[in-house]
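See structure below.
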Number of protein chains: 2
Amino acid sequence: MNYPNGRKRRPLQRVNREIKNHKYSNRGMSLEEDINTTNEYYLAHNQAVVHKKPTPVQVVRVHYPQRSAAVITEAYYKQASTTDYNGLYRGKYIDFEAKETKNKTRFPLANIHEHQIAHMEQIINHGGISFIIIRFSSYNETYLLETEKLLPFWYDLFKRGKKSISYETIRDEAHLIPLKFQARVDYLSVIDKLYFTK
Amino acid sequence: MNYPNGRKRRPLQRVNREIKNHKYSNRGMSLEEDINTTNEYYLAHNQAVVHKKPTPVQVVRVHYPQRSAAVITEAYYKQASTTDYNGLYRGKYIDFEAKETKNKTRFPLANIHEHQIAHMEQIINHGGISFIIIRFSSYNETYLLETEKLLPFWYDLFKRGKKSISYETIRDEAHLIPLKFQARVDYLSVIDKLYFTK
């Protein structure tokens with residue numbers, strides 16, 4: 001890849017961060033990569049317009065070298081105030097978050113932040129389609145759980161101290177997303193069944 | 001403001017960048033600030049859920065100090081592949097870009113990138129509401145121009161070498177957005193008239 005200053009550079013530290021993220025926050029890159037690939041496929045085939053939002057960064061210091069692009073020399077990752085993905089499908093607003101866990105028995109609710117839950121609630125109140133994509137990486141199973149179903153778990157279980165949803169509950173309540181060759185996480189096939197066949 | 005490393009710091013370079021942006025790309029911060037304030041007002045009054053997307057940054061190098069937050073030590077601004085704002089209003093997907101110009105006679109089309117035009121076209125093809133907000137800062141006038149009206153200017157004029165839209169054309173074809181005390185750029189009042197009264 002070429003950076004604006006003309007040098008070629010392997011973003012090694014970025015790879016390290018991805019590994020770190022994967023280990024400590026259960027946010028694996030492979031689910032994210034699969035969803036990005038899926039969204040590119042949907043866009044190329046004129047099925048939907050869905051993009052991942054950029055990671056929010058608080059820029060503190062920028063250096064302006066002569067005759068080359070501005071270099072950010074000090075910045076910090078910020079917590080996202082909304083979800084990672086949103087877009088447009090069959091005339092409807094869709095909005096979702098994606099989380100991966102290595103846990104074999106439960107999905108930890110601490111993976112989702114309170115302001116993200118608030119955002120997801122606003123979306124359904126305003127007539128949008130909102131859901132979460134959950135991957136159990138040990139089983140390579142990816143599920144779609146509607147926000148309407150997630151909220152009772154969040155309010156009832158989380159507030160009583162049960163900080164996770166069991167794998168069995170996800171398997172029973174959520175919808176298994178077919179993994180395909182091109183649309184690797186074909187979530188629109190689930191959306192079709194849930195929201196467009198009535 | 002407190003940064004994750006616990007120091008207080010005035011982001012001076014950031015202010016410089018804002019001034020620089022304002023000068024060289026006609027992207028003033030005040031329109032952006034006005035729209036952000038307006039969106040906060042809409043959200044607080046349960047009218048719409050619209051957020052600005054984070055500025056995309058290509059992170060190259062990250063430092064992980066012990067016992068404190070990761071510091072990005074080398075990163076570059078990337079060009080946005082979509083528009084700056086999107087969200088949900090009255091069950092509909094809305095998506096827009098905002099541009100400010102100091103020019104008194106014309107709005108330079110070079111302010112909008114080709115892939116942003118492609119994105120805006122995809123949005124209307126998929127049934128979303130797409131538009132651009134243009135401020136002539138010399139007159140303190142802010143206009144909403146639907147993508148359906150922008151596209152012919154882009155294709156006909158831009159490709160023939162006319163790289164701007166005249167102020168008079170904007171005044172005639174676009175819709176003046178009322179500037180209010182709280183919803184400073186009350187664009188939803190225009191959206192109501194254009195899309196919800198038929």
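The values are calculated or read from the model by the stated rules, or taken from the named source; none is laboratory data. In this text, all values refer to a predicted model and were calculated from it rather than measured experimentally. Cβ atoms come from the backbone with ideal geometry, glycine included; neighbour counts cover every protein chain shown. Note: areas computed on protein heavy atoms with side chains; ligands, DNA, RNA excluded. Shrake-Rupley method; radii C 1.70, N 1.55, O 1.52, S 1.80 Å.
General remarks:
- Listed here are the strands (runs of 3 or more DSSP E) enclosed by the range B:78-147 that have at least 3 residues being more than 28 Å from B:Lys180 (Cβ to Cβ), and there are none.
- Residue count, the range A:77-95 (criterion: at negative phi and in contact (Cβ under 8 Å) with a residue 60 or more places away in the chain): 3
- Among the residues of the range B:154-188, those that are open to solvent by less than 80 Å² (accessible area, probe 1.4 Å), in a helix (DSSP H, G or I), over 15 Å from B:Phe96 (Cα atoms) and not β-branched (Val, Ile, Thr) comprise B:Trp154, B:Asp156, B:Leu157, B:Phe158, B:Tyr167, B:Glu173.
- Hits in the range B:52-88 - residues which are at the interface with chain A (Cβ under 7 Å from one of its Cβ atoms), under 25 Å from B:Gln122 (Cα atoms) and crowded, with 20+ Cβ neighbours inside 10 Å: B:Thr82, B:Asn86, B:Leu88
- B:Glu40 passes every criterion in (1) at pLDDT 95 or above; (2) closer than 30 Å to A:Val60 by Cβ; (3) buried (at least 16 other Cβ atoms within 10 Å of the Cβ) apart from (3).
- Selected residue (criterion: modelled with the lowest pLDDT) from residues of the range A:98-116 that are away from every other protein chain (no Cβ under 14 Å) and closer than 20 Å to A:His51 by Cα: A:Ile112
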